[in-house]
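Chemist: This is the structure, below, for whatever I ask next.
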Amino acid sequence: MSAHIIDGKKLAESVRAEWKMRVEKLIQLGTKPGLAVIIVGDNAASSLYVRNKVKACSEVGIYSEVHSFQQNATQAEVLDCIRALNQNPHIHGILVQLPLPAHFENNRVITSIAIEKDVDGFHLYNVGALVTGNTIFFACTPFGVMVMLEKNQIPIEGQHAVVIGRSNIVGKPMAFMLLDKGATVTICTSKTRNLAQFTRDADILVVATGKPRMVTADMVKPGAVVIDVGINRLPDGKLCGDVDFDAVKEIAGFITPVPGGVGPMTITMLLCNTILAAERAQAGIQIG
Ligand code: GUN
């Protein structure tokens, strides 16, 4: 039997429509949520992500501004910009698009963002908060995956979740979010010996390796939930995920497509975190 295909685009549209009301309520109370995005250099993929983030903000009524720096900008210039944004009452969320050029120290930059404005959830304090079950902001991509599981009423407690990928943006926070919901979690990488031995035991399999179609049908347990976070461009220009979608959909119980799966949910969760930051500011809630 063919898997149920989780439509991330449709889900993103429906949750954004719900959140528009939260934005309207905030505006009535005198607070328009505001997001500042910092981008350094001219990485084409990053520029596209930033344009999509700005567009999504305007669609739900969130104010956004982009601070673009040249590739050869200094870290001090970017830190000055973040310091000013930390003090700006119209800005509730600050996001530094990654990757930064090699001469930047990622942690120096990210930890200069005020904890209560760190809508990516990448600040070391926020990572510690997640690990200890006191989350302030969930990192956007794994947060989107959790919403996809929840909206499809997929049980997590007691399930074996296998995450392939150990990045700070997806793999690690994903594992802790699943653990927090009671899953038994195994973290693998694309280099794990006998990877299929782990994946074949997964009730929930999350793949975030950046290796096109590396998860094949023989690696998946019949009926498993397969979440593909990968987005890879093939030599013919087409996009594909880290999962061999056509073959795995015949085995899995649920599967996310690429494009149109996890991708649209990532930006949606950024909007959610920005609204949450504005709601906390409006209510005078102290964070950290
Ligand atoms: N680069 C790739 N994904 C992300 C993300 O979720 N946030 C930021 N800031 N940069 C990214």
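Chemist: Specify which of the listed residues (Leu48, Leu11) is in a helix (DSSP H, G or I), closer than 30 Å to Lys249 by Cα and open to solvent by less than 70 Å² (accessible area, probe 1.4 Å). Don't jump to the end; show me each part of the working.
Modeler: Values: Leu48 fails: open to solvent by less than 70 Å² (accessible area, probe 1.4 Å).
When all the criteria are applied, what remains is Leu11.
Chemist: Consider Phe138 carefully, then state whether it is open to solvent by 20 Å² or more (accessible area, probe 1.4 Å) and within 15 Å of the ligand (Cβ to nearest atom). Steps first, answer last, please.
Modeler: Working: open to solvent by 20 Å² or more (accessible area, probe 1.4 Å): yes; within 15 Å of the ligand (Cβ to nearest atom): yes.
Here the answer is yes, as Phe138 does meet what is asked.
Chemist: Let me ask something additional. Residue by residue through the range 107-128, note down the ones that are surrounded by 23 or more Cβ atoms within 10 Å (Cβ to Cβ), touching a residue at least 40 places away in the same chain (Cβ under 8 Å) and outside any loop (DSSP other than H, G, I, E, B).
Modeler: Once the filter is applied, which keeps residues that are surrounded by 23 or more Cβ atoms within 10 Å (Cβ to Cβ), touching a residue at least 40 places away in the same chain (Cβ under 8 Å) and outside any loop (DSSP other than H, G, I, E, B), the range 107-128 yields only Lys117.
Chemist: Quick check on this structure: which one of Gly182, Gly230 is surrounded by fewer than 24 Cβ atoms within 10 Å (Cβ to Cβ) and assigned to a loop (DSSP other than H, G, I, E, B)? It would help to see each step written out before you state the result.
Modeler: Working: Gly230 fails: surrounded by fewer than 24 Cβ atoms within 10 Å (Cβ to Cβ).
Just one listed residue meets the conditions, Gly182.
Chemist: Quickly run through the range 87-105 and pick out the residues that are more than 15 Å from the ligand (Cβ to nearest atom) and within 21 Å of Cys272 (Cα to Cα). It would help to see each step written out before you state the result.
Modeler: Step one: filter the range 87-105 for residues more than 15 Å from the ligand (Cβ to nearest atom), giving 87-92, 102-103, 105.
Matches in the range 87-105: Asn88, Pro89, His90, Ile91, His92.
Chemist: Let me confirm something: among Ala202, Ala247, Ala217, which residue is open to solvent by less than 10 Å² (accessible area, probe 1.4 Å), over 21 Å from the mean Cα position of the chain (by Cα) and modelled with pLDDT of 95 or more?
Modeler: On the way: Ala247 fails: open to solvent by less than 10 Å² (accessible area, probe 1.4 Å); Ala217 fails: open to solvent by less than 10 Å² (accessible area, probe 1.4 Å).
After applying the criteria, what remains is Ala202.
Chemist: Given Pro89, Pro99, which one is in a loop (DSSP other than H, G, I, E, B) and over 23 Å from the mean Cα position of the chain (by Cα)? It would help to see each step written out before you state the result.
Modeler: On the way: Pro99 fails: over 23 Å from the mean Cα position of the chain (by Cα).
Going through Pro89, Pro99 in turn, just one is in a loop (DSSP other than H, G, I, E, B) and over 23 Å from the mean Cα position of the chain (by Cα): Pro89.
Chemist: Those residues that are crowded, with 24+ Cβ neighbours inside 10 Å and in a loop (DSSP other than H, G, I, E, B), I need them from the range 253-288; list them, please.
Modeler: Thr256, Gly261, listed by residue number.
Chemist: Being more than 19 Å from Tyr125 (Cβ to Cβ) and open to solvent by 30 Å² or more (accessible area, probe 1.4 Å) is the filter here; which residues of the range 168-179 pass it?
Modeler: Hit for the range 168-179 is Leu179, nothing else.
Chemist: Let me ask another. Specify which of the listed residues (Thr192, Thr216, Thr186, Thr199) is in contact with a Phe, Trp or Tyr (Cβ under 6 Å, 6 or more places away or on another chain) and of a type in the set (Ser, Thr, Tyr). Quick ask: steps written out before the conclusion?
Modeler: Values: Thr192 fails: in contact with a Phe, Trp or Tyr (Cβ under 6 Å, 6 or more places away or on another chain); Thr216 fails: in contact with a Phe, Trp or Tyr (Cβ under 6 Å, 6 or more places away or on another chain); Thr199 fails: in contact with a Phe, Trp or Tyr (Cβ under 6 Å, 6 or more places away or on another chain).
Testing whether each residue is in contact with a Phe, Trp or Tyr (Cβ under 6 Å, 6 or more places away or on another chain) and of a type in the set (Ser, Thr, Tyr) leaves just Thr186.
Chemist: Output the qualifying pairs, or none if there are none: Cβ atoms under 6 angstrom, residues six or more apart or on different chains, first residue in the range 84-99 and closer than 27 Å to Ala44 by Cα, second residue of a type in the set (Asp, Glu) and within 16 Å of the ligand (Cβ to nearest atom).
Modeler: Leu95/Asp120
Chemist: Please go through the range 145-160 and give me each residue that is surrounded by fewer than 17 Cβ atoms within 10 Å (Cβ to Cβ) and free of Cβ contacts under 8 Å to residues at least 40 places away in the same chain, ordered by number.
Modeler: Within the range 145-160, Glu150, Gln153, Pro155, Glu157, Gly158 meet the criteria.
Chemist: Can you give me the number of residues within the range 52-78 that are over 11 Å from Gln97 (Cβ atoms) and either more than 15 Å from the ligand (Cβ to nearest atom) or open to solvent by 70 Å² or more (accessible area, probe 1.4 Å) (or both)?
Modeler: Within the range 52-78, residues that are over 11 Å from Gln97 (Cβ atoms) and either more than 15 Å from the ligand (Cβ to nearest atom) or open to solvent by 70 Å² or more (accessible area, probe 1.4 Å) (or both) number 16.
The values are calculated or read from the model by the stated rules, or taken from the named source; none is laboratory data. The shown structure was predicted, so the numbers you read here are calculated from the model rather than taken from an experiment. Glycine gets a Cβ as well: all are built from the backbone with ideal geometry, and neighbour counts include every protein chain shown. Side chains are part of the model used for accessible areas, which takes the heavy atoms of the whole protein and leaves out ligands, DNA and RNA. Shrake-Rupley method; radii C 1.70, N 1.55, O 1.52, S 1.80 Å.
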